Structures are given as C-alpha cells and as structure tokens.
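Shown next, in structure tokens, is the structure this report addresses.
The values are calculated or read from the model by the stated rules, or taken from the named source; none is laboratory data. Because the structure is a prediction, the values reported are computed rather than measured. Here the Cβ is made from the backbone with ideal geometry for all residues, glycine too, and neighbour counts use every protein chain on show. These area figures cover heavy atoms from the full protein model, side chains too; ligands, DNA and RNA do not enter into them. Shrake-Rupley method; radii C 1.70, N 1.55, O 1.52, S 1.80 Å.
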Amino acid sequence: MFYLQGSQMLQLLENSLRKHLPESLKAYGTVFHMNRGNPFKVKALVDKWPDFNTVVIRPEEQDMVDDLDHYINTYIIYSKDPMNCQKFLGSSEVINWKQHLQIQSSQSSLDKVIEHLGAINLGKVKHTQCFLYMIFDTAKKLLPSLVDTKNLVHSSDKPKPINKEMFKFTSLDVPHAALVNSIWHFGGNERSQKFIERCIHTFPSFCIMGPDGTPVSWSLMDHTGELRMGGTLPQYRSQGLIYHIARHQIHTLGNLGFPMYAHVDKSNFTMHRVSAMLVHVRMPCDWNQWNYVPL
C-alpha cells in the first residue's frame, strides 16, 4: 500500500484517472479537488506506484471517529482490475470494515468483490445503483467521443420562466442544512445533517430564496465534486425551479473550471426530464453506492 503525498504524485494520479473516464469519474472528481486545496481533507491510497491497479480515496483516520457515521466513513474506489482487487480492499489499513461505511464508485463491476468482503467481515451490504450523467460542457472537454447524438438526452419540454420578483438566486448558509436534510433521499438524520453542513461550509452551494426569505429550491456539491442533494420544497414543486437552480449552478461552476456530473435515481422521472432539458450526457457506466453495516 502506498499513501500518495505531495502535489506531484497527486497530479500524476489525476492525469492517470482522466485516461480511464468515465469509469474513474468518482475518483477523478475527488482527486481534482484534492489538487486544488483538498478542502475535505481526504487522502489517496494505491496498491502500487506509479503503475497502480486500484486507488482508494478516504478520510484521514482522525476524521473517522464515529463508527456509525457512514457519511464521513466514505471510500471512493477505482480499479483497473476490479475482479482482482479484493486483497487490497480487504486490508484493514485501507478500509476499516469494523465501521458503518459506504463505498462509492462508477464501476458496478466492483459489486461481487464488495459483497464478498462484506460477507467475510460478517456484515450486511446494500447496493444502490443510479444513472450517471455528465454535464454537457464537462463531457465535451473530458470525453468528446461520447458527445454525439446517440448519447445526448434531448427534450421537447420548455423550461417555465422564473418569477424574478418572487424568487432570488443566492447560496445556502450552514443553518439551512436542516431544511436540505429534511427532504434528502439519503438523509433525514443527525449524521446526514452534519455532512450537509460540512458540504455547505466547504463547497459552493446554490439556492433560490422564496418570498419569505426561506430557501425553496437548492443544489449542493459533495467532496467528490458531484452535484448532489438537489431538491425543492413540496409546496413549490411543478414550477421548474430545480431546472433554474441547476442551470445557475452549472454556469457558475463551469466558470471555475470544475468537472461536473450527477446521479439520478432510475425512477426519478422529474430529474430525468430536467437532465434532458439541460442536455446532460448519459454515461455508459452507472453511479454506485454500497452501504456496509457490520453485524
């Protein structure tokens, strides 16, 4: 196992991961931000260097103090050889299988290995799989071969105009985390709220304020650079607000040069329509999350 330290090693890792897009997307997005200040304070481990097969990005040990907090105890994985990375991922120095944790990857081919490691460590694994989209300008820059007619999601829907007198674009403040947490599909608990607070504090966030000065629609970034946790209060839905906040977010982050991507639940037809209106590029691989609970 090698712990990659220093800007030169991490830049080489970023360059290497870029060559393996889109399967390396979750890891690439994380390392991209590691090389620009590492605001979430994560570290990268590889099985060998420089010709690595598997990379795992995880928090520092001192941040993983709560054995029940899988939001913090998150591992981002990319492997060039997903069928033969079990020994590396099974090491206690790489993954702490005694904790509640989650693993994220753009490689569904890791499923058998993670399921097997879960069984070896006498734990329960839940696999969540969603569609993975890359924002058009990011795909055009990183994966131009995928930006063609067959991969573009087109829509005949027209965005509803936004009432600029009623709604104002701004950013979220940390106290707004409770509101985001209340409707986040993966949240709704104290630990998820702390994670949202950290995301708001660390990365750019975007929201539309309603007439009473309360956020009514929003979208955040997580530590992998993914656009996540988007939502609209129930009483303000069907007004196209999530389209407008997503468009605003994409424009702003695009000016900062950030690579942008997002996942959408396979049954979330509203967000699939929004993705089509924004001309997102559907990736040939999926977004995967494995939640592990030791028994």
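Summary table below
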{"read-out": "Residue list for region 90-114, restricted to those being without any contact (Cβ under 8 Å) to a residue 60 or more places away in the chain and either open to solvent by 20 Å² or more (accessible area, probe 1.4 Å) or not in a loop (DSSP other than H, G, I, E, B) (or both)", "value": "90, 92, 96, 109, 112, 113"}
{"read-out": "Some residue of region 145-152 being closer than 26 Å to residue 244 by Cα and charged (D, E, K, R)", "value": "yes"}
{"read-out": "Output for region 266-284, where each listed residue is crowded, with 18+ Cβ neighbours inside 10 Å and either without any contact (Cβ under 8 Å) to a residue 24 or more places away in the chain or not in a loop (DSSP other than H, G, I, E, B) (or both)", "value": "271, 272, 274, 275, 277, 281, 282, 283"}
{"read-out": "Flag if residue 163 is farther than 18 Å from residue 40 by Cβ, within 19 Å of the chain's Cα centre (by Cα) and either free of Cβ contacts under 8 Å to residues at least 12 places away in the same chain or in a helix (DSSP H, G or I) (or both)", "value": "no"}
{"read-out": "Qualifying positions in region 251-265 - open to solvent by 30 Å² or more (accessible area, probe 1.4 Å) and in contact with an Asp or Glu (Cβ under 9 Å, 6 or more places away or on another chain)", "value": "254, 263"}
{"read-out": "Number of positions in region 33-45 that are in contact with a Lys or Arg (Cβ under 9 Å, 6 or more places away or on another chain) and either under 22 Å from residue 81 (Cα atoms) or assigned to a loop (DSSP other than H, G, I, E, B) (or both)", "value": "4"}
{"read-out": "Residue 225, sole failed condition from (1) buried (at least 18 other Cβ atoms within 10 Å of the Cβ); (2) touching a strand residue (DSSP E or B) at 6+ places or on another chain (Cβ under 6 Å)", "value": "(2)"}
{"read-out": "All positions within region 187-215 that are within 22 Å of the chain's Cα centre (by Cα), assigned to a loop (DSSP other than H, G, I, E, B) and in contact (Cβ under 8 Å) with a residue 24 or more places away in the chain", "value": "187, 203, 204, 205"}
{"read-out": "Residue satisfying all of: in region 228-245; touching a strand residue (DSSP E or B) at 6+ places or on another chain (Cβ under 6 Å) and part of a helix (DSSP H, G or I); surrounded by the most Cβ atoms within 10 Å (Cβ to Cβ) among these", "value": "245"}
{"read-out": "Qualifying position, being open to solvent by 50 Å² or more (accessible area, probe 1.4 Å) and modelled with pLDDT of 95 or more, among 150, 87", "value": "87"}
{"read-out": "Index of the failed condition, residue 36 passing every other in (1) more than 18 Å from residue 1 (Cβ to Cβ); (2) touching a strand residue (DSSP E or B) at 6+ places or on another chain (Cβ under 7 Å)", "value": "(2)"}
